[in-house]
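Chemist: Dropping the structure in here first, questions after.
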Amino acid sequence: MKILYAALLCLLMLVGTPFAQAAGTISVGLVADQFTAEISSDADFTVKTRAYGGGNSREFMFKAGKYYFNAANHRLNVEDMSFGDAVATIEGEGIKVNGREYRGRIEILLRRGGKNLVVRNVLPVEEYLYSVMGRTVPAYFPDEALKAQAVAMRTYALYVAQNGSDPDFDIRAGEKNFIYTGVDGEQRPLNKLIDATKGEVVTYNGSLIAAYTTLSSGGYTENSENVIGRYLPYLRSVKDFDGDAPDYNWERSFEAKDIAAGLQRGGYDCGKLGSIQLSDMDADAPDRSDTGRVLQLGFAGDKGSIIVPAAKAMELFGLPSTLFSIEVTRPIPDKLDVPIENYLGMEIGRKEIEIELKDKEKTETGIAKTIKLISGVDGEKVIFKGRGSGTGLGLSLWGARQLANDAGNAAGYYKQILRYYYRNTNVAKIY
């Protein structure tokens, strides 16, 4: 398929029109580098095989049921049949791979080296988006916001297909933020809106853009170099309108001891945690971007100091975004343990006296507001307080929702939403 992309691109450069993918199809890697895969159907189905790289094809009928395709001795096999080094194509209604039903056709082939399988799903891009959007986008949002999301996600999928490095499929089913699970992920109202934008993509200077999306940004979207380490002229920070997003403000609390354990799971070991270093959210500091997002955090313990990229910390601790500050709190005792002495000054017992407290916890103010000390006392907490959900890069779904509502959900307004979040771009229909 990538050969087709290259040929089309060369042709279109000659005629001066935007990049296009004539067939509008995509191949999705469902299984890669596994020894076996389960194929099943409630109806009889046909398997067509052809030798890898071309050659004569053969056709086999399979009764309804469950079958296990596998790779062995550099051959593609199913049950007691062997197809050799071949590509097996399965078409029909209700075909399932490892228990999930998929549209389009299923293709099974040997991975390079012949020891494992690749199972890919080849289908129209729109039908791929049915599942991806169905899992990530609320169907009750205004139509124009959803259309903008559909065009952005179609653009990103084709961009990955065009620039991907895997020779056996265009995009993985588990692509980050593009989870594809087949028919069971679909929402019918969204399907109609996806179809209404069929073939439409976002382009910059005639080429597909890396159309990243985020749920919400916490007030301002981010510049590309602070997220993916690469300057892209169309991914510039803009004011967002995501104040109604559920995670516009968020808070996550951890026992201080669990922070060190989480770092160790991620391969970062500073020993017994003694401090965390992070500047204030509104500070002009090297550990934050211009929009206030964290770029890196410092952790110090009895084994030394480590620097952890913010994206990794976000992953390790399940944080919604990298736009956050940190507080450390310790419990304040609500009782005094008072010794009881006799007239000779000898302790003969102890008594607990309750104290009325205005606050139950004390917040660690830190050193120069950047270093939060960890004492190790029981009940000590590290609290992440932040805004937004996702990378903050590109089109904001909750921001698009507000823009669409402000415009009265006017027909066609989705193109203006796209041009707002992706600067100096165009919306083009390429198939």
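Chemist: In whole Hz, what ³J(HN,Hα) sequence does the stretch 201-218 give by Karplus (6.51, -1.76, 1.60; θ = phi - 60°), x for Gly and Pro?
Modeler: Each residue of the stretch 201-218 in turn: 9, 9, 10, 10, 6, x, 10, 4, 9, 7, 7, 5, 10, 9, 5, 7, 10, x Hz.
Chemist: In debye to the nearest 20, how big a dipole does the chain give about its Cα centre with +1 on each Lys and Arg Cβ and -1 on each Asp and Glu Cβ?
Modeler: On the way: 51 positive and 55 negative charges, 281 e Å.
Magnitude of the dipole: close to 1340 debye.
Chemist: Summing Lys, Arg as +1 and Asp, Glu as -1, what charge do residues with Cβ under 12 Å from the Cβ of ILE95 carry, ILE95 excluded? Spell out each step's value before the answer.
Modeler: On the way: positive: LYS66, LYS96, ARG100, ARG103, ARG105; negative: GLU38, ASP42, ASP44, GLU91, GLU93, GLU101, GLU107.
Neighbour charge sum, excluding ILE95 itself: -2.
Chemist: Quick one: if you stick a label point 7 Å off each Cα along the C-beta vector at LYS115 and ASP280, how many nm between them?
Modeler: Here the answer is 5.6 nm between the modelled labels.
Chemist: Another question, if that's okay. In percent, how large is the relative contact order of the chain, given Cα pairs closer than 8 Å and 6 or more residues apart?
Modeler: Rounded, it is 17 percent for the chain.
Chemist: Separate question: Please list, by residue number, everything in the stretch 109-124 whose backbone N is under 15 Å from a paramagnetic label point 7 Å out along Cα→Cβ of TYR68.
Modeler: 117
Chemist: Only helical DSSP H runs with n ≥ 4 go in: add -39500 (n - 2.57) per run for the chain, normalise by residue count and round the 222 nm mean residue ellipticity to 500 deg cm²/dmol.
Modeler: Working: 8 runs with 92 residues, N = 431.
Helices in the chain give a 222 nm mean residue ellipticity of -6500 deg cm²/dmol.
Chemist: Could I ask something else about it? Exactly which GluC sites (Glu not before Pro) in the stretch 79-137 are in a DSSP loop and have at most 10 other Cβ atoms within 10 Å?
Modeler: Answer by residue number: GLU79, GLU93.
Chemist: Taking the solvent-accessible surface of protein heavy atoms with a 1.4 Å probe, what is the per residue accessible area of the chain in Å²?
Modeler: On the way: 21050 Å² over 431 residues.
On a per-residue basis, the chain sits at 49 Å².
Chemist: Let me ask another. Please check: in the Gaussian network model of the chain (C-alpha springs, under 10 Å), which one of MET133, MET153, MET81 has the largest mean-square fluctuation.
Modeler: Highest fluctuation among the options: MET81.
Chemist: Next question, about the same structure. Computed FRET efficiency, Cβ-Cβ of SER57 and LYS312, R0 51 Å: what is it to the nearest 0.05? Don't skip to the answer; put the middle values down first.
Modeler: Values: r = 48 Å, r/R0 = 0.94.
That gives a FRET efficiency of 0.60.
Chemist: Give the value in nm², to one decimal: projected area of the alpha carbon convex hull of the chain, averaged over all directions. Write down the numbers at each step before the final one.
Modeler: On the way: hull surface 122.5 nm².
The Cα convex hull of the chain, projected and averaged over all directions, gives 30.6 nm².
Chemist: Taking springs between alpha-carbon atoms closer than 10 angstrom, which of ALA157, ALA310, ALA261 fluctuates most in the Gaussian network model of the chain?
Modeler: Most flexible of the set in this elastic network: ALA261.
Chemist: Further question: Give me the distance between the Cα centres of the stretch 292-328 and the stretch 111-187, rounded to whole Å.
Modeler: 30
Chemist: Counting Lys and Arg as +1 and Asp and Glu as -1, what is the net charge of the other residues whose Cβ lies under 12 Å from the Cβ of ASP42?
Modeler: Here the charged neighbours net out to 0.
Chemist: If you don't mind, there's one more thing I want to ask. For SER207, put the label point 7 Å out on the Cα→Cβ axis and report which residues of the stretch 147-162 keep their amide N under 18 Å from it.
Modeler: Under 18 Å, as judged by backbone N against the label point of SER207, lie 155-162 of the stretch 147-162.
Chemist: Could you give the DSSP H helices of the chain that reach 18 angstrom or more along their long axis (alpha carbon positions) and whose average Kyte-Doolittle hydropathy is no lower than -1.0? Each step should come with its number before you reach the end.
Modeler: Values: long enough: 2-15 (20 Å, 2.45); 143-163 (30 Å, -0.02).
Span-like helices in the chain: 2-15, 143-163.
Chemist: Could you work out the local net charge near VAL201, counting Lys and Arg as +1, Asp and Glu as -1, over the other residues with Cβ closer than 14 Å to its Cβ?
Modeler: That works out to +4.
Chemist: What nm distance separates the two modelled labels at ARG230 and LYS192, each placed 7 Å from Cα along Cα→Cβ?
Modeler: 3.8
The values are calculated or read from the model by the stated rules, or taken from the named source; none is laboratory data. Values in this document were obtained by computation on a predicted structure and should not be read as measured data. In this analysis, Cβ positions are derived from the backbone assuming ideal geometry, glycine residues included, and neighbour counts consider all displayed protein chains. Calculation scope for accessible area: heavy atoms of the full protein, side chains included, ligands and nucleic acids excluded. Shrake-Rupley method; radii C 1.70, N 1.55, O 1.52, S 1.80 Å.
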